[in-house]
Each structure stands twice: as C-alpha cells, then as structure tokens.
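Each remark here refers to the structure printed beneath this line.
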Amino acid sequence: MSDSTTARPVVLDVWCELQCPDCRSALDDLRALRKRYGDNLELRLRHFPLDKHKHAFAAAQAAEEAAEQGKGWPYTEAVLARTEELGAKGEPFLIEVAGELGLDAEEFDTALIDGRHILIVDADQAEGKAIGVSGTPTYVIGGERLDGGQSQEGLLARIEEIADRLLAGAGPGS
C-alpha cells in the first residue's frame, strides 16, 4: 500500500511550554514554517513544562485535550499569545480559551481534574530530558536538536535548511 505520489512529511518536534514568553516569540517562525511547507512538514507539539511556571503543567494537559477535540495548534497558539493572562488566572484561563475556540470547556475542566493527559505530558518531559532538552523552545528535526530559548536568531533558517535537505532526499519514486 505505498503511494508514490506523496512523500512522508518531515517531522519537526517542538518542545514547548505554554507559559513561556520565548515560545510565544517562536510562534511567528512556526507560522512561517507551516506556510512554507504545508503538509510536507508535520509540527508536533511536545510538552516540556518548566518548574518556574506554575500553570505550565496544567496548560500542557489542556493542549492535549484541545488536540483530542481537534484544535491542538489553534489552542496552543491562543494560550501562547496570552502567557501573562495564563500566569495571572491559571486554570480558569485555560478553560476560558477553550470556550473562545468553541471547544467543550466543560470537558477541559473534567480533563484537568481527572488528569487523563498527565501520562502524555510526563512522557514528553522524560523524553525531552533524555535527549538533552533543558529549556523551551527546543526543536528536533532530522535527529538534530536546535535550542531556542531567548535567542531565536538563525533558527528558522537552520530548520528550513534541514527540512529542505530531508525533503529533497525523500522524494517520490526513490
């Protein structure tokens, strides 16, 4: 069952924390990548909540619930755009954003209470630590780890360079 007309997308793991101002700064780069590559680049949100941000762990769980309800990236972007509000309001803010996006806010509340997404967040964090992630955002593409943090300088170009190389090597009919 191989389809020779479509290559598999290149995967970009984005180790992110939804209360992180540096991750918010990286949103423009992620949008630019999505626009340039479309379906040829799969952006995968990976959770790496930092202890210094009180609501980051709950936000990671909420992002998983949003993904389950079909709006993972829109939710992630909406929360990242308002990191100060998340810091000030906490979990009620996460539920508020869900409602703004037309998601089932009551289900968000239940998910945060019953902890149904904790294992996913814990697994992401453990994998991140195992591969050397120490801060956010951190990107992994083609087996290469690129650390973001306060300096996003040059990261977009480096990601594009790796993605172009991987896509060129993964052409159809090889």
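The values are calculated or read from the model by the stated rules, or taken from the named source; none is laboratory data. What you see is a predicted model, and the numbers here were worked out from it, not measured in a lab. Cβ atoms come from the backbone with ideal geometry, glycine included; neighbour counts cover every protein chain shown. Surface areas here come from the heavy atoms of the whole protein model, side chains and all, with no ligands, DNA or RNA. Shrake-Rupley method; radii C 1.70, N 1.55, O 1.52, S 1.80 Å.
Quick one: how many residues across the range 121-134 are crowded, with 17+ Cβ neighbours inside 10 Å and under 22 Å from residue 94 (Cα atoms)?
Initially, the range 121-134 is screened for residues crowded, with 17+ Cβ neighbours inside 10 Å, giving 121, 124-125, 128, 133.
Add one more test, that the residue is under 22 Å from residue 94 (Cα atoms), and what stays is 121, 124-125.
Result for the range 121-134: 3.
Listed by first and then second residue, the pairs linking a residue in the range 117-128 that is in contact (Cβ under 8 Å) with a residue 12 or more places away in the chain to a residue that is in a helix (DSSP H, G or I), with Cβ atoms under 6 Å apart and 6 or more places separating them unless they lie on different chains, are 117/61; 117/64; 120/64; 121/60; 121/61. Among the residues of the range 45-70, those that are without any contact (Cβ under 8 Å) to a residue 60 or more places away in the chain and assigned to a loop (DSSP other than H, G, I, E, B) comprise 51, 52, 53, 54, 55, 69, 70. Among the residues making up the range 21-49, those that are more than 11 Å from the chain's Cα centre (by Cα) and either on the phi > 0 side of the Ramachandran plot or open to solvent by less than 30 Å² (accessible area, probe 1.4 Å) (or both) are 33, 37, 38, 41, 49.
Taking every residue in the range 102-116 that is more than 10 Å from residue 62 (Cβ to Cβ) and pairing it with any residue that is surrounded by 12 or more Cβ atoms within 10 Å (Cβ to Cβ) and small (Gly, Ala, Ser), at least 6 positions away or on another chain, the pairs with Cβ-Cβ distances below 8 Å are 104/98; 105/98; 105/99.
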